[in-house]
Each structure stands twice: as structure tokens, then as C-alpha cells.
Amino acid sequence: MKATAKDLRFNSKALLDTVNRGEEVVITFRGKPCAKLIPYREKNEDMQENDLFGIWKDNDTVQDVDEYVRGSRKGRF
């Protein structure tokens with residue numbers, strides 16, 4: 001389903017009811033997709049604590065992922 005930002009502002013309860021029925025709602029702003037409302041789901045036990053860092057498990061070049069990420073976020077100067 002598509003809805004405008006104005007619909008979100010004035011009909012938020014109806015949009016939340018739509019999401020609770022299992023539908024996804026794409027919010028548009030000035031005719032372009034801007035956001036998506038999706039049903040909330042609880043975290044499964046088989047999901048990792050942080051799925052993003054799961055891609056690093058087989059990477060032998062980086063020993064400490066946290067240190068690597070913090071180093072890449074440091075300023076240039």
C-alpha cells in the first residue's frame with residue numbers, strides 16, 4: 001500500500017491498523033518513496049546479537065571488528 005506524508009500525519013491510526021494486519025505501507029513525500037512501515041517482529045533466538053558483524057566471521061584480515069570499525073570512523077585530521 002502507498003500513502004503520502006499527509007496521510008501519515010492525519011490518518012496514522014488507520015495506517016498502523018493496516019500494518020498490524022501484515023501489510024507494508026510505503027510513505028511517499030512529493031511523489032517519491034521516502035519510508036516504509038513494516039510489521040514489528042520479535043528477535044528470533046537463531047538471530048545473532050548483531051547481524052551486521054556476522055559477515056566478518058570468516059575474514060582473516062581483520063582480527064578485532066570493533067577496533068577496525070572504530071578506526072575507520074575516526075576523523076581524517
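All of the numbers you see were taken from the coordinates with simple rules; none came from a lab. Bear in mind that the values here come from a model prediction, so they are computed numbers and not experimental data. As a convention, Cβ positions derive from the backbone with ideal geometry for all residues, glycine included, and neighbour counts pool all protein chains shown.
Skipping prolines and chain starts, which residues have an amide H placed within reach, meaning under 5 Å, of the one on Cys34, given they are 5 or more residues away or on another chain?
Sorted by chain and number, the residues that satisfy this are Ile27, Thr28, Phe29.
Order 2-10, 60-68 from most to least packed using the mean count of other Cβ atoms within 10 Å.
2-10, 60-68
Enumerate the calculated ³J(HN,Hα) couplings along region 29-35 in order (Karplus 6.51 cos²θ - 1.76 cosθ + 1.60, θ = phi - 60°), each rounded to whole Hz, writing x wherever the residue is Gly or Pro.
10, 6, x, 10, x, 10, 8
If each residue of separation counts as 0.36 nm, what is the full-extension length gain between Val19 and Asp64 once their alpha-carbon separation is subtracted?
Working it through step by step, the gained length comes to 12.3 nm.
Pop out the ³J(HN,Hα) list for region 14-19 in order, Karplus 6.51 cos²θ - 1.76 cosθ + 1.60 with θ = phi - 60°, rounded to Hz; leave Gly and Pro as x.
These are the phi-based 3J(HN,Hα) values: 5, 5, 5, 4, 4, 5 Hz.
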